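What follows draws every value from the coordinates through simple rules; no lab data is involved. Note that the structure is predicted; figures quoted are calculated from it, not measured. Using ideal geometry, Cβ is built from the backbone for each residue, glycine included, and neighbour counts are taken over all protein chains shown.
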Ligand SMILES: *C/C=C(C)/C=C/C=C(C)/C=C/C1=C(C)CCCC1(C)C
């Protein structure tokens, strides 16, 4: 018994060139730190913004827990933790759609806008999962369907109903909405690149063997923490304006 315990390493080794393992580790830490930041700062704001910052914290917290598991899964199996990855996304991406609704509520956003964005994001993620994990031979087709849902989201927030509401709200809300729109257009575009780097298709080889997980991990850090900081900044600006 004693032998068994001493011969089992308690922490898996990490090779110096294990960029996937490294980004899982740092990503986990960053998500935890961001969650602490959002949760601890939320009480400094009035009710209207408290909920938005709470949701920012929930997004990074859910990611932190999943990164804990993904980091472990990678250390033990040396393969992509696709299942945990998509469970994380299916919880956090709809919450990002909720954030759009919450900040546009001042201009009278309706719940139907929120549900529409959530529905589109679920289509985007479920079809992505089917291509990445279930029907890998047809990854291109599932990726294309997923990409269409993604473009409808981009359209909705940049040019559709959400844009009109943001313009009606004006000021700090309009500015924050614009920044979040850029996150979705540019930051979220990192994910299809990861998908193409990790699934078979016509695009094979374009991304020169960069690991899909490294790309996804960079995308998550930018989008989840960055998105939350935009909301935080909006709350700070709006609160100081109303106190002035
Ligand atoms: C915090 C996690 C976020 C913001 C995840 C976003 C994920 C996407 C925007 C994924 C998009 C995909 C496509 C547009 C096509 C290929 C399949 C996906 C699911 C990787």
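Below is a table of values for the structure above.
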quantity: Folded to 0 to 90 degrees: helix 19-41 orientation relative to the chain principal axis, Cα; calculated: 30 degrees
quantity: Helix 82-104 vs. the chain, principal-axis angle (Cα, 0 to 90°, nearest 10); calculated: 10 degrees
quantity: Contour minus Cα-Cα distance for residue 10 and residue 29 (0.36 nm per residue); calculated: 4.9 nm
quantity: Principal axis dimensions, largest first and in whole angstrom, of the chain by Cα; calculated: 66, 46, 26
quantity: The stretch 130-229, Rg to Rh (Cα coordinates; Rh as Kirkwood inverse mean 1/r); calculated: 1.06
quantity: Ratio Rg/Rh, restricted to the stretch 182-244 and using Cα atoms, in which Rh is the Kirkwood radius; calculated: 1.25
quantity: Added length on full extension, which subtracts the Cα-Cα distance from 0.36 nm per residue, residue 210 to residue 54; calculated: 52.7 nm
quantity: Ordering of 203-215, 220-232 by packing [mean C-beta count within 10 Å, highest first]; calculated: 220-232, 203-215
quantity: Label point distance in nm, residue 148-residue 126, each placed 7 Å from Cα along Cα→Cβ; calculated: 1.5 nm
quantity: Scattering curve values for the stretch 1-124, log₁₀ I(q)/I(0), Debye with Cα scatterers, q = 0.11, 0.15, 0.19 Å⁻¹; calculated: -0.52, -0.81, -1.06
quantity: Between helix 47-77 and the chain: long-axis angle, C-alpha atoms, 0 to 90°, nearest 10; calculated: 10 degrees
quantity: Computed [θ] at 222 nm, deg cm²/dmol, the chain (DSSP H ≥ 4; -39,500 (n - 2.57); rounded to nearest 500); calculated: -24500 deg cm²/dmol
quantity: Reference-scaled alpha-carbon Rg (2.2 N^0.38 Å with N residues) for the stretch 36-87; calculated: 1.51
